[in-house]
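**Student:** I have a structure here, written as structure tokens, and I will follow up with some questions on it.
The values are calculated or read from the model by the stated rules, or taken from the named source; none is laboratory data. Since we're looking at a predicted model, the values are computed, not measured. Positions of Cβ are generated from backbone atoms using ideal geometry, with glycine treated the same way; all protein chains shown enter the neighbour counts.
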């Protein structure tokens, strides 16, 4: 998995490419923990994400809880297969996906 971060004042945009699974979820979690302080808008570009496991979902849920206190989190360019995972797990009701 590859993560490109673009932070500007209170906005953090992460472009993620690859699979978010048991092996790579800790990398995403570490990046979020390092960068999320002081952020009021977290944007996650999922255009390159082909799969997300329960470990990845846990990282997103954790980030959503933080952003509920700090501002907002938005996922965009979500692939059809990943969107199906969000819908089956109920995450489509928890996350803001555009």
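**Student:** Find the residue count for the stretch 88-98, including only residues that are outside any helix (DSSP H, G or I) and over 10 Å from the mean Cα position of the chain (by Cα).
**Tutor:** 4
**Student:** Could you list, in sequence order, the residues of the stretch 74-85 that are surrounded by 14 or more Cβ atoms within 10 Å (Cβ to Cβ) and without any contact (Cβ under 8 Å) to a residue 24 or more places away in the chain?
**Tutor:** Answer for the stretch 74-85, where residues must be surrounded by 14 or more Cβ atoms within 10 Å (Cβ to Cβ) and without any contact (Cβ under 8 Å) to a residue 24 or more places away in the chain: just 83.
**Student:** Residues of the stretch 64-87 being in a helix (DSSP H, G or I), touching a strand residue (DSSP E or B) at 6+ places or on another chain (Cβ under 8 Å) and farther than 17 Å from residue 11 by Cβ, which ones?
**Tutor:** 81, 82, 83, 85, 86
**Student:** Is one or more of the residues making up the stretch 39-47 more than 25 Å from residue 93 (Cβ to Cβ) and out of contact with any helix residue (DSSP H, G or I) (no Cβ under 9 Å at 6 or more places or on another chain)?
**Tutor:** no
**Student:** Among the residues of the stretch 14-23, are any at pLDDT 95 or above, surrounded by 13 or more Cβ atoms within 10 Å (Cβ to Cβ), touching a helix residue (DSSP H, G or I) at 6+ places or on another chain (Cβ under 8 Å) and not in a strand (DSSP E or B)?
**Tutor:** yes
**Student:** If you take the residues in the stretch 27-38 that are out of contact with any helix residue (DSSP H, G or I) (no Cβ under 7 Å at 6 or more places or on another chain) and in contact (Cβ under 8 Å) with a residue 24 or more places away in the chain, which one is farthest from residue 72 (Cα to Cα)?
**Tutor:** 27
**Student:** Scan the stretch 3-13 for residues that are in contact with a strand residue (DSSP E or B) (Cβ under 7 Å, 6 or more places away or on another chain) and not in a strand (DSSP E or B) and report the count. Full working, then the answer.
**Tutor:** Here is the first cut: in the stretch 3-13, the residues in contact with a strand residue (DSSP E or B) (Cβ under 7 Å, 6 or more places away or on another chain) are 3-6, 10-13.
Remaining after also requiring not in a strand (DSSP E or B): 10.
Going through the stretch 3-13 one residue at a time, the tally reaches 1.
**Student:** If you take the residues of the stretch 44-63 that are part of a helix (DSSP H, G or I) and more than 9 Å from the chain's Cα centre (by Cα), which of them is surrounded by the most Cβ atoms within 10 Å (Cβ to Cβ)?
**Tutor:** It comes out as 55.
**Student:** Give the stretch 6-29 a look and list any residue that's under 12 Å from the mean Cα position of the chain (by Cα) and more than 25 Å from residue 88 (Cα to Cα), or say none.
**Tutor:** Answer for the stretch 6-29, where residues must be under 12 Å from the mean Cα position of the chain (by Cα) and more than 25 Å from residue 88 (Cα to Cα): 12, 13.
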